[in-house]
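Participant: This structure is in structure tokens; I'll ask about it shortly.
Every number here is computed from the coordinates shown, using simple stated rules; none is lab data. Keep in mind the model is a prediction, meaning the values are calculated, not measured. Cβ coordinates were reconstructed from backbone atoms using ideal geometry, including for glycine residues, and neighbour counts include every protein chain displayed.
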Amino acid sequence: MLRLFIAATAALWLGLAGSAMAQTVGFADAIKILAASCGADIDKYCKSATLANNGIGQCLNENASKVSAQCNTDRVRVAALLEARFAAQAAVFQVCERPARQYCPGVKPGAGHVLKCLLKAERVVGDKCNTAIDLAGYR
Amino acid sequence: MNKLISLLIAGLAVVMSASLAMAQTSLSRNEIINSLQGAQAEVEISADMLQRQAFEHIKKYPGDNSSEALPLAAQLAKLRQFNVEITFDFDSARIRPESYETIGVIADALHTPYLMGQTFFVVGHTDAKGKREYNLELSIKRAAAVRNALVTTFGVPVGSLAAVGLGEEQLRDPANPDSEINRRVQLINVGF
């Protein structure tokens, strides 16, 4: 019984570790790192840069020799996190193409209808599609 | 053995508190989703029309503060909407770093299937301190700054957001026109 408990717990741990490794974070969780690590540098060196068009990221990049070490580490990390989330969102339709055809036929495309159908069909669309949806932040 | 079990339980507790923290972030995202979703059909209000009303309003009811509601106010009030506070540099449309997360949460919400494909107004409001014309212009720039950040850096589809500034023409708390509660950015779902 105890052995079973340990095995089950280990499986749970592995599962968690596995999903944690491939995890993406949302835009809010990514960009708040930039505000925390680079806020002072942004106010110092990027007074005329804006958040639009990656203006802040570009300004920090141009001032890389002046901004703090923490900011330099994290601005690169944040850019990668944003990219990872965009890539995950772009990948969903390809990864979920077959379950979408199988479980959501006749659902009109656009406006998130197919994605909402896939969310409802969570139990049957398969691990790959479910993981892709998770990574995209769609759930 | 007992020690192992309590270690495992402690480990689980850490995992649980970590996922609780995540749930908190997704709660505010979900708060936005819940407030905005459920638009039934497209609304017959254009962003240009609303913007024009704000300018006309100042001419029609001149003075320090307006005591009248905008003609479209009642219609807008019926729509699914959410208010957020975003801080900007003084007298500027530059979004402060402390509000980046808020912009990110809005982006997270707008990217979900629940809100995807719908159209939203990003409406900027000021309090009633200062000149009405000045406040109107500033709110237009600030609403545009929020929209531009969302559609570029955060990849929200360009066609899904229209920016409008209403200055102090539609106060949240008309009894306290100078109160900071009036400063806000409103997201309004105008349908498919």
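Participant: Take residue B:89 and residue B:176, extend 7 Å from each Cα along the Cα→Cβ direction, and tell me the distance between the two endpoints in nm.
Facilitator: 3.0
Participant: Report, as a whole number in µm² per second, the diffusion coefficient that Stokes-Einstein gives for the stretch B:2-189 at 20 °C and 1.002 mPa s using the Kirkwood radius over alpha carbon pairs.
Facilitator: For the chosen part, D equals 119 µm²/s.
Participant: What is the spin-label model distance, in nm, from residue B:35 to residue B:133 if the labels are put 7 Å beyond Cα along the C-beta direction?
Facilitator: According to this spin-label approximation, the distance is 3.3 nm.
Participant: Return the percentage of antiparallel bridges among DSSP beta bridges fully within chain B, rounded to the nearest 5 %.
Facilitator: DSSP beta bridges in chain B are roughly 65 percent antiparallel.
Participant: Simple spin-label model, 7 Å along Cα-to-Cβ: residue B:44 to residue A:93 in nm?
Facilitator: Once both label points are built, they end up 3.3 nm from each other.
Participant: Then there's this: Scan the stretch A:27-122 for trypsin sites (Lys or Arg not before Pro) in coil per DSSP, keeping those whose Cβ has at most 14 other Cβ atoms within 10 Å, and list them by number.
Facilitator: Those satisfying the criteria are A:47, A:66.
Participant: Right, here's the next one. Taking the Kirkwood radius as the inverse of the mean 1/r across Cα pairs, report the Rg/Rh of the stretch B:54-141.
Facilitator: Dividing the radius of gyration by the Kirkwood radius yields 1.01.
Participant: Going through the DSSP H helices of chain B, which span 30 Å or more along their own axis at the Cα atoms while scoring at least -0.5 as a mean Kyte-Doolittle hydropathy?
Facilitator: Qualifying helices, which must be both long enough and hydrophobic enough, are B:2-36.
Participant: Then there's this: Would you kindly give the portion of the calculated P(r) for the stretch A:96-139 that falls above 16 Å, as a percent of all Cα pairs?
Facilitator: 24
Participant: Between residue A:47 and residue B:68, what FRET efficiency comes out of the Förster formula 1/(1 + (r/R0)^6) with R0 = 35 Å and r the beta carbon distance, rounded to 0.05?
Facilitator: About 0.35, to the nearest 0.05.
Participant: On full extension of the chain, what length is gained from residue A:124 through residue A:65, given 0.36 nm per residue of separation minus the C-alpha to C-alpha distance?
Facilitator: 16.1 nm
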